[in-house]
Structure formats: structure tokens, C-alpha cells
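Throughout, read-outs are computed from the coordinates displayed, never taken from laboratory work. The structure presented is a predicted model; accordingly, all values stated were derived computationally and were not measured. Cβ sites come from the backbone with ideal geometry, for glycine too, and all protein chains shown count toward neighbours.
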Amino acid sequence: MKKQLVVVTGMSGAGKNLAIRAFEDLEFYCIDNLPPNLLVETVRLWQKPKVKEQDVAIVVDVRASQFFGEFLQDYAKLGKTDSVFDKAKILFLDASDTVLVRRFKETRRRHPLFEQGKSISDCIKEERKQLAEIREKADKIVDTSNLEPLGLRRQVEQYFGPDGLKDSMVVTVVSFGFKYGVPLDADLVFDVRFLANPHYVDSLKVMDGNAEAVRRYVLSDPLTEPLIERLFDLVEFSIPQYQKEGKAYLTIAIGCTGGRHRSVVVANELGRFLMSRGSNVIVEHRDVSHGGGG
């Protein structure tokens with residue numbers, strides 16, 4: 001079986017250092033801040049006789065400065081060489097601008113694109129511009145805006161660990177609250193705020209969508225069944241099309257107001273449906289621990 005080759009990139013402050021440490025704990029050979037024009041030569045090191053085959057994770061980002069502009073061209077060359085590795089994958093770490101600004105101010109780190117007269121927000125805007133095309137080509141995007149370090153570690157383990165779901169496309173179904181922002185890594189977003197809201201039922205308000213009483217309440221709304229039927233049909237139709245495009249990871253986001261009730265119920269139902277169809281599925285509830293209702 002071929003080994004994994006993961007190129008880690010993304011926004012400065014989004015958690016690349018934490019991610020690479022998680023890869024190290026998974027016994028990947030890890031390289032930080034490699035100039036992208038050295039990608040092919042670095043990968044060829046594992047072609048040499050008697051070199052131990054192992055998974056590899058390489059961080060490439062804007063710290064490479066003048067060498068970073070040709071990232072995608074250099075990355076594309078990896079697919080044209082015989083290799084002990086499976087198809088290289090790009091893991092892109094992202095976070096909202098507000099969170100990135102806060103992290104830089106808290107740590108007092110200097111942004112890699114800092115120049116005299118530039119604010120942190122200016123640097124983030126410029127970095128997003130430089131990374132836009134790479135983000136579009138990424139195999140997996142992880143939004144760390146609301147992730148604790150342990151949450152990021154778990155995601156790396158889920159997607160790239162020895163027990164990870166790597167044999168076919170991985171579908172992540174995530175519930176969220178619109179009041180906390182749409183997940184940056186979402187490929188498909190569905191709004192279920194028109195369903196009956198358990199937040200306004202005193203006996204259900206303190207529960208979340210994982211509780212059976214809340215599930216029954218949401219499913220009893222006359223609008224829920226036709227919504228779920230159409231959602232299932234659309235997702236079942238869409239997944240093979242994404243697979244044909246070679247997509248390794250698909251994130252489906254289900255949103256309600258606070259991310260505690262309706263979106264959780266619908267996300268769970270969709271997750272069960274996809275599992276029954278044999279898909280590799282991860283179900284996450286991003287905002288279920290927030291106190292906000294909905």
C-alpha cells in the first residue's frame with residue numbers, strides 16, 4: 001500500500017504548527033516551511049534504495065516569500081513522478097479574519113507579510129489573495145475558527161490517521177449556528193431555520209438536537225419530512241459527481257440559528273442516511289455547546 005503525502009498550507013495563524021505536531025504524533029515524517037520548488041526533489045528522497053517508506057507531511061506557506069508564487073505549478077509536478085506515495089493531498093487550514101486578528105494580537109507574533117505601514121488586517125487580506133487559488137484546489141479545508149487545539153488534532157487523526165477513512169471520499173456533515181458564522185470549509189450549505197424551533201419550548205430549550213425529545217419535535221414539523229426527502233435526493237445525486245471530479249473530502253453544513261437543535265437533528269438524519277448508503281461519514285456538531293438558542 002502506498003504511503004500518504006500531505007502538503008499542509010493555509011492562513012498564517014490558522015493552526016499549521018498544531019497540525020504538523022499532530023502529524024508527527026501519527027509518525028509522519030514532517031518538514032516545516034519548505035520552499036515549494038523543492039517539493040519534487042524532497043519527495044524523490046524516498047525513492048532511494050533502503051530508505052524507509054513512511055507517510056510524509058510538508059508545510060508550505062507564504063513564509064517561502066518569493067518562492068511561494070509557483071506553488072501550484074510545483075505541486076502539480078508531484079503527480080508526474082513515479083512515487084512510493086499515493087496521490088498528494090493539500091490540507092488547507094483557514095479561520096475567520098476576526099479570529100486571525102485576535103490570535104496575532106494575543107501572541108504578538110509578526111505576520112509573515114508584515115511591512116511598515118501595514119495593519120494585521122491588511123496582511124490577512126493580502127495573504128487571502130495569494131492563497132485563493134490554492135484554497136480552491138485544496139483536497140481538505142479545515143476551519144479552525146471555533147476549534148480548540150484538541151479538535152484540530154482529532155480532525156488530523158480522523159482524516160489521515162491509521163484508522164482514518166481513506167479508501168473513498170469522506171463526507172463530513174456538520175451542524176452549525178448562523179449566528180456564529182458559516183463554516184469556512186463547507187462545500188454545500190443548507191439552511192433549516194424555517195423548521196419549528198425547540199428553543200421556544202421550555203421543556204426542550206435546555207436540551208440539544210441529540211436528545212430524542214428534541215428529535216421527535218423537529219421531525220414532527222410537517223415541513224421536516226419533505227425537506228429531508230429532497231435533501232437526501234440532492235446529496236445522493238451530488239456525491240457521485242464530486243467523486244468523478246476526484247474530490248477526496250466533501251463537507252456538508254446544516255445551519256439553524258444557534259446550531260443546537262434543528263441543524264443537529266437534520267445533520268444526524270443525513271449522517272445516518274449516508275451511512276446506510278455505504279458512505280464514509282463523519283458527523284460533527286460545531287456549535288452544540290453554545291448557549292444560544294435555535
Review point. If r is the Cβ-Cβ distance from Asn17 to Asp86 and R0 is 22 Å, what FRET efficiency results, to the nearest 0.05?
Key: 0.30
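For the chain, what is the calculated [θ] at 222 nm in deg cm²/dmol (nearest 500), taking -39500 (n - 2.57) for each run of four or more DSSP H residues and dividing by its residue count? Numbers along the way, then the final one.
Details: 10 runs with 112 residues, N = 294.
Using -39500 (n - 2.57) per qualifying helix, the result is -11500 deg cm²/dmol.
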Check your understanding: Taking H as built 1.01 Å from N, whose amide H comes closer than 5 Å to the amide H of Val59, not counting residues under 5 places away?
Key -> Val8, Ile31, Asp32, Asn33, Leu34
Review point. Once the other residues with Cβ under 11 Å from the Cβ of Asn197 are scored (Lys, Arg +1; Asp, Glu -1), what is the net sum?
Key: +3
Review point. Given H placed 1.01 Å from N in the peptide plane, which residues other than close sequence neighbours of Ser175 have an amide H under 5 Å from its amide H?
Key: Ile254, Glu284, His285, Arg286
Point to revise | Calculated FRET efficiency for the pair Lys118/Tyr242, C-beta based, R₀ 51 Å, to 0.05 | key: 0.85
**Study point:** Gap separating the Cα centres of segment 168-186 and segment 197-217, nearest whole Å
**Key:** 21 Å
Practice item. Please work out the C-alpha center-to-center distance from segment 230-294 to segment 18-92 and express it in whole Å. Key: 31 Å
Check your understanding: What does the convex hull of the alpha-carbon atoms of segment 5-160 project to on average, in nm²?
Key -> 9.1 nm²
Check your understanding: Going by average Cβ neighbours within 10 Å, how do the peptides 65-76, 266-277 rank, with the highest at the top?
Key -> 266-277, 65-76
Review point. Summing Lys, Arg as +1 and Asp, Glu as -1, what charge do residues with Cβ under 15 Å from the Cβ of Val101 carry, Val101 excluded?
Key: +3
